[in-house]
Amino acid sequence: MESRIKQEKGITMIALVITVMVLLILVNVLVYNAQDTIQIQVLNDLYSDIELLRDKVSEYYNEYGSIPAEIEYTNIKQLKDAKILSDINDTGKFYVIDLEAMKGISLNYGKEYENVKNDKTNANNYTDVYIINKDSHNIFYAQGVGIKQNDITKIYYTDYTEPDNTTIDLRYIDEILIPDGYYYIGKYNNQGIESIVISSNKNEEIDITNPSQYIWEKQIAYVDKLPDTIVISEEQKDEFIKSINHYKGYFKNVTNNVVYLPILENKWSEVYTKNGEYTDKNGDIAYIPKGFRVSIAEGTNEVINGLVITDEIDNDGNSIGNEFVWVPVNDFYEFERDSFGNEIIDFTTIEPTDLKYYEALSNGRKVDENEIQSVQDTQKMYKSIKTYKGFYIGRYETGIEGNSARTSTSTTSDTPVVKKNKYIYNYIPWGDNFTEEIGGAVGLAKSFTNEKIYKDNVTSTLCYGVQWDAIMKWINKDTAIKYVIEDSSTKGNYNPNGQLVMSGNYEEFQTKNIYDLAGNVSEWTMESYGTTQKVLRGGNARGTESEEIKNITNREANEINYKAETSGFRIALYINE
């Protein structure tokens, strides 16, 4: 019995040793496989980041014409040593990608971007960042990730290991859009000034005497009429002028024929499901009301130029709705009545920081107890503009949905709209009752949002005099167009016979994407003149040669029951809290 027990014991020990050896082998295999899996994941994380950034940068570039990067980065020796830079494509400077400029960015690496943003002068001290080449748009991770293979560690900086020599055809050169059907073929140097040259044949050598080649003509000054040397059809005139002013230039060949960049007006965001903040490419902010779409088209998508919103689009993406333009009021202390229009205004009253402030009257009178509703409405308007730093103004003079023009016998039963190419809502008095502010233009403006889905998010009103002056100040700050404050003779419809045009009919009659402020019809405002009259702003079609009549700042007063062919109104919106 004893030997039998010993024999069993010996067998158990051997089995134990074998078991331990097998376990050690399995552990080593598992550890090796785990490490391999981790390394694969590390590389996949890099590839995932690069792919996401490539898509987001492309979206940004296609929308704004520039890469989302401003901080130069020169610490690229490691990229050169790795021999992954292309001598053909990666010829531009490198910049740190601005992760805040793009939405929907969540990365595995690039965690030092915040440090770079706050320490721009020492950007090269940081490596946990993604960088981009300006010419090729190729993206690299400056620090790289190390992958160990056969005891050799290889560093990966992007999702390829050989230089990317693929032929590229960038849509923008120096942030200038290359028109469809044309190719950038180089730059022409004229007395030290380089200009972009394009051609329909991308393989051509530069020869500016060749009519097929067009040179970029930079245009800094604002243009309101066709340059004399330009060869272009009458049908293209308005679109060409609009293009020049937006893109600050155009392409011209040796025979003075032009190629210009069309501005698409049928690009709109998704509808806002609640009031939301919009930030344009310049970092300027506007508030978009629920139920509206904001323009993402060139020329109408920046606050500085006049950001446009609409409340309806068709199946093709074109606006068929009411359109408004955001007027920024960044300094609330400037939001007060001014002396535009050469009228003597009494300013001996409460400062606009006090929300009891009401529009100054010519005799200094303030709103009395009989106008308490006016006080409350005005307080709400001032408070909104102080909070949101801006308001919306109708892009067009108020029109009607009808198919025939109004006459002197028309009633106020037409539906008011703020749309292009509509008959003007004229022959309309200010109101039926000065104190209660009912009927007429003031009543139509107040009730404009009643049946709209966004009625709880914005309040509509007849444009206040202080709002009109805010628009004047905004224009006056733009050196390219400030001249219209002094002389608006080229910015409005003036006709000896008083013949009106449809709303938004002529491109040259817009300023900051707002049409016909200077002329067509004079527009009723909430501003009072004495105790029995209200003020109309802007010129009208029957203006004489007098600058006063034609001026965009013009002010004239009339009794509240006055109505004429050349008097209308404009609707404003402000955001509700």
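The values are calculated or read from the model by the stated rules, or taken from the named source; none is laboratory data. Source: prediction; values computed, not measured. Because the Cβ atoms are built from the backbone with ideal geometry, glycine has one as well, and the counts that use them run over all protein chains shown. These accessible areas exclude ligands, DNA and RNA; they are computed on the full protein's heavy atoms, side chains included. Shrake-Rupley method; radii C 1.70, N 1.55, O 1.52, S 1.80 Å.
Scanning the stretch 57-73 for residues that are surrounded by fewer than 15 Cβ atoms within 10 Å (Cβ to Cβ) and within 10 Å of TYR95 (Cβ to Cβ), which turns out modelled with the lowest pLDDT? Walk me through how you get there before you give the answer.
Going residue by residue through the stretch 57-73, those that are surrounded by fewer than 15 Cβ atoms within 10 Å (Cβ to Cβ) are 58-59, 62-63, 70, 72.
Now drop any that are not within 10 Å of TYR95 (Cβ to Cβ), which leaves 70, 72.
Numbers: GLU70: 90, GLU72: 94.
Among those that are surrounded by fewer than 15 Cβ atoms within 10 Å (Cβ to Cβ) and within 10 Å of TYR95 (Cβ to Cβ), it is GLU70.
Test of understanding: among ILE215, ILE230, ILE206, which residue is without any contact (Cβ under 8 Å) to a residue 40 or more places away in the chain, closer than 30 Å to LYS491 by Cβ and surrounded by 12 or more Cβ atoms within 10 Å (Cβ to Cβ)? None of the others qualify; the one that does is ILE230.
Scanning the stretch 382-434 for residues that are under 23 Å from TYR562 (Cβ atoms), hydroxyl-bearing (Ser, Thr, Tyr) and touching a strand residue (DSSP E or B) at 6+ places or on another chain (Cβ under 6 Å) yields TYR396, THR398, TYR423, TYR425.
The criterion of being open to solvent by less than 30 Å² (accessible area, probe 1.4 Å) and not hydrophobic (A, V, I, L, M, F, W, C) does not hold for GLY181. The lone criterion from (1) open to solvent by 60 Å² or more (accessible area, probe 1.4 Å); (2) basic (Lys, Arg); (3) at pLDDT 90 or above left unmet by LYS267 is number (3).
Would you check if there is a residue in the stretch 45-58 being in a loop (DSSP other than H, G, I, E, B) and over 21 Å from ASN165 (Cβ atoms)?
As a first pass, look at the stretch 45-58 and keep what is in a loop (DSSP other than H, G, I, E, B): none.
Within the stretch 45-58 (the criterion being in a loop (DSSP other than H, G, I, E, B) and over 21 Å from ASN165 (Cβ atoms)), the answer is no, since none of the residues qualifies.
Applying the condition of being in a loop (DSSP other than H, G, I, E, B) and open to solvent by 60 Å² or more (accessible area, probe 1.4 Å) to the stretch 276-292 and asking which residue is nearest to ALA101 (Cα to Cα) yields LYS281. Within the stretch 553-567, residues that are farther than 10 Å from GLN533 by Cα sit with their Cβ atoms under 6 Å from residues that are of a type in the set (Val, Ile, Thr) and surrounded by 20 or more Cβ atoms within 10 Å (Cβ to Cβ), at 6+ positions apart or across chains, in these pairs: ARG555/VAL535; LYS563/ILE428; THR566/VAL521; SER567/VAL521.
Looking at VAL254, is it crowded, with 19+ Cβ neighbours inside 10 Å, of a type in the set (A, V, I, L, M, F, W, C) and more than 21 Å from PHE509 (Cβ to Cβ)? Here the answer is no, as VAL254 does not meet what is asked. Quick one: would you say GLY519 is small (Gly, Ala, Ser) and farther than 20 Å from GLN379 by Cβ? Considered against the rule, which asks whether it is small (Gly, Ala, Ser) and farther than 20 Å from GLN379 by Cβ, GLY519 comes out as yes.
Close contacts from the stretch 400-413, counting a first residue that is over 16 Å from ALA441 (Cα atoms) and open to solvent by less than 70 Å² (accessible area, probe 1.4 Å) and a second that is among the charged types (D, E, K, R) and assigned to a loop (DSSP other than H, G, I, E, B), with Cβ to Cβ under 6 Å and a gap of 6+ residues or different chains, come to GLY402/ASP414.
What are the residues in the stretch 129-154 that are charged (D, E, K, R) and closer than 15 Å to GLU72 by Cα, if any? Those that are charged (D, E, K, R) and closer than 15 Å to GLU72 by Cα: LYS134, ASP135.
Quick one: which residue in ASN497, ASN476 is within 24 Å of the chain's Cα centre (by Cα), of a type outside the set (A, V, I, L, M) and open to solvent by 40 Å² or more (accessible area, probe 1.4 Å)?
Numbers: ASN497 fails: within 24 Å of the chain's Cα centre (by Cα).
One residue alone meets the criteria, ASN476.
For the stretch 540-575, which positions are within 34 Å of the chain's Cα centre (by Cα), in a loop (DSSP other than H, G, I, E, B) and modelled with pLDDT under 85? Give the steps one after another, and end with the answer.
Of all residues in the stretch 540-575, those within 34 Å of the chain's Cα centre (by Cα) come to 540-541, 547-555, 566-575.
Next, only the ones that are in a loop (DSSP other than H, G, I, E, B) stay: 540-541, 551-554, 566, 570.
Selection gives ASN551 alone.
Taken over the stretch 436-464, the criterion of being in contact with a Lys or Arg (Cβ under 6 Å, 6 or more places away or on another chain) and over 25 Å from THR411 (Cβ atoms) is satisfied by TYR454, ASN457.
Conditions (1) small (Gly, Ala, Ser); (2) open to solvent by 20 Å² or more (accessible area, probe 1.4 Å); (3) closer than 22 Å to GLU239 by Cα, marked per residue:
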residue: GLY504; (1), (2), (3): yes, no, yes
residue: TYR529; (1), (2), (3): no, yes, no
residue: LYS534; (1), (2), (3): no, no, no
residue: ARG537; (1), (2), (3): no, no, no
residue: ARG555; (1), (2), (3): no, no, no
residue: ASN558; (1), (2), (3): no, yes, no
residue: ASN561; (1), (2), (3): no, yes, no
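Regarding LYS83, is this residue in a loop (DSSP other than H, G, I, E, B), of a type outside the set (Phe, Trp, Tyr) and within 12 Å of TYR157 (Cβ to Cβ)? For LYS83, the condition - in a loop (DSSP other than H, G, I, E, B), of a type outside the set (Phe, Trp, Tyr) and within 12 Å of TYR157 (Cβ to Cβ) - is met. LYS9 falls short of the stated requirement of being modelled with pLDDT of 80 or more and open to solvent by 80 Å² or more (accessible area, probe 1.4 Å).
If I go through the stretch 86-134 residue by residue, how many of them are in contact with a strand residue (DSSP E or B) (Cβ under 7 Å, 6 or more places away or on another chain), open to solvent by 80 Å² or more (accessible area, probe 1.4 Å) and in a helix (DSSP H, G or I)? Here the count works out to 1.
Residues of the stretch 293-346 being of a type in the set (D, E, K, R), outside any loop (DSSP other than H, G, I, E, B) and either modelled with pLDDT of 95 or more or buried (at least 18 other Cβ atoms within 10 Å of the Cβ) (or both), which ones?
We begin by selecting, within the stretch 293-346, every residue of a type in the set (D, E, K, R); these are 293, 298, 302, 311-312, 314, 316, 323, 331, 334, 336-338, 343, 346.
Those still in the list that are outside any loop (DSSP other than H, G, I, E, B) too: 293, 323, 334.
Selection gives ARG293, GLU323.
Taking the stretch 287-301 only, how many residues are farther than 21 Å from GLY65 by Cα and either of a type in the set (Lys, Arg) or touching a residue at least 60 places away in the same chain (Cβ under 8 Å) (or both)? Total meeting the criteria: 6.
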